[in-house]
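Inspection log for the structure reproduced underneath, given as structure tokens.
The values are calculated or read from the model by the stated rules, or taken from the named source; none is laboratory data. Please read these numbers as outputs of a predicted model, since none were measured by experiment. Using ideal geometry, Cβ is built from the backbone for each residue, glycine included, and neighbour counts are taken over all protein chains shown.
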Amino acid sequence: MSAEITFLPDGKSVQAKVGMTLLEASRRSKVHIRTRCGGKAACLMCKVQVAPEAAEGLQPMNTNERLKLGSLAEEGFRLACQAKVTGKSPVTATVPEDPLKSAIRRQLERQQEEDWP
């Protein structure tokens, strides 16, 4: 049994087997999710946001994940290294923009605004 996992904003999808984490699925679909701890829920870099209607497509949060995320859990965030596919429904996960890329993008946007006559 498997489920379709879609990663936004890339729009890439992959079939993920039951029990596979979102991090594993992202690697199969060539979507980059930052992580430093190797999937041990230690670095909190692999946060993704999952739409509420897709929640049943993932196993419920374990205690460790809930404690690590704190109030972000209420906003639909999950740790991609801990969120496991159930196969009950498709899942759409939004990968936040890399902070460095975001800073560069904002700087380029400001520079373009300043360059316009």
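Summary table below
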{"item": "Looking only at region 40-60, and only at residues there that are in contact with a Ser or Thr (Cβ under 7 Å, 6 or more places away or on another chain) and small (G, A, S), the one that is nearest to Q82 (Cα to Cα)", "result": "G57"}
{"item": "Any chance S71 is polar (S, T, N, Q) and under 18 Å from M20 (Cβ atoms)", "result": "no"}
{"item": "Test: residue in region 71-81 that is among the charged types (D, E, K, R) and within 16 Å of F7 (Cβ to Cβ)", "result": "yes"}
{"item": "Failed item in (1) at negative phi; (2) more than 13 Å from the chain's Cα centre (by Cα); (3) small (G, A, S), with S26 passing the rest", "result": "(2)"}
{"item": "Enumerated strands (runs of 3 or more DSSP E) restricted to the chain, each holding at least 1 residues that are among the aromatic types (F, W, Y), crowded, with 17+ Cβ neighbours inside 10 Å and modelled with pLDDT of 90 or more", "result": "2-8, 77-79"}
{"item": "Pairs, first under 23 Å from K40 (Cβ atoms) in region 75-99, second of a type in the set (D, E, K, R), C-beta under 6 Å, six or more apart", "result": "F77/K47; L79/E65; Q82/E65"}
